[in-house]
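The values are calculated or read from the model by the stated rules, or taken from the named source; none is laboratory data. For clarity, every value in this text was computed on a predicted model and none was experimentally measured. Only protein heavy atoms, including side chains, enter the accessible area calculation; ligands, DNA and RNA are left aside. Shrake-Rupley method; radii C 1.70, N 1.55, O 1.52, S 1.80 Å.
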Amino acid sequence: VRDLKEMVVHNSKKFGEKPAFEYAGKDGKISKSFIQLEKDVFALGSYFYSIGIKDSKIVIYAENSYEWIVTYLAAVCGGNTIVPLDKELKPAEAAVLMRACSADMLVHSKKKAKLLDEFEEGETVFDVLKKACNRAGIQLEYRYTPIYESYYIEGQHKDTVALLTQRL
């Protein structure tokens, strides 16, 4: 086995209908076989490809689940870069990281859907940071440097600084 795609196919052939994953559902235990896992991974991968998601960065912002695993495998098997975000991140923090990595697509759980409201098309990392600080009542000291198209941000202590560029 050379890569994850080969692993998914190999395990489907080798283990077939044996359970790959078992987890609690609303109506009791749910079991997904290795064959079902392969079908789900390649179905989602085909969907990504059909909407133009190839050689792209896909962010996952969700709790651990079967769907998380399928998304991860579908993205990687399709030649994409996967960017898993910590499920404990606040939506504003997740939005900053998503912008910083120049994600092409976000896959999220229902619980994390609030992230979509945290930023708007065309916003920079600085814009998101500024909104998050305003909501949290945190004073943000900064100055814009036109020649570098960047914001110089000072922290609470004068030795804590950050430089955020406009171009992401």
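Quick notes
- Backbone amide hydrogens, once placed in the peptide plane, bring I53 within less than 5 Å of nothing, excluding anything fewer than 5 places away on its chain.
- Distance violations [Cα-Cα > 20 Å] among K54/K111; K14/K57; K90/K111; K87/K111; K110/K131: K54/K111; K14/K57; K110/K131
- Euclidean distance of C-alpha centroids, the stretch 85-101 and the stretch 1-36, integer Å: 29 Å
- List Y144, Y72, ordered by accessible area with a 1.4 Å probe, largest first: Y144, Y72
- Only protein heavy atoms count here; on that basis, with a 1.4 Å probe, E38 has an accessible area of about 50 Å².
- Scaling the Cα radius of gyration of the stretch 1-105 by the globular reference 2.2 N^0.38 Å produces a ratio of 1.16.
- Given a 1.4 Å probe and the protein chains as shown, D86 ends up with an accessible area of around 90 Å².
- Accessible-area rank, largest first, for T81, T71: T81, T71, with all protein chains present and a 1.4 angstrom probe.
- In the assembled protein chains, D104 presents an accessible area of approximately 90 Å² (probe radius 1.4 Å).
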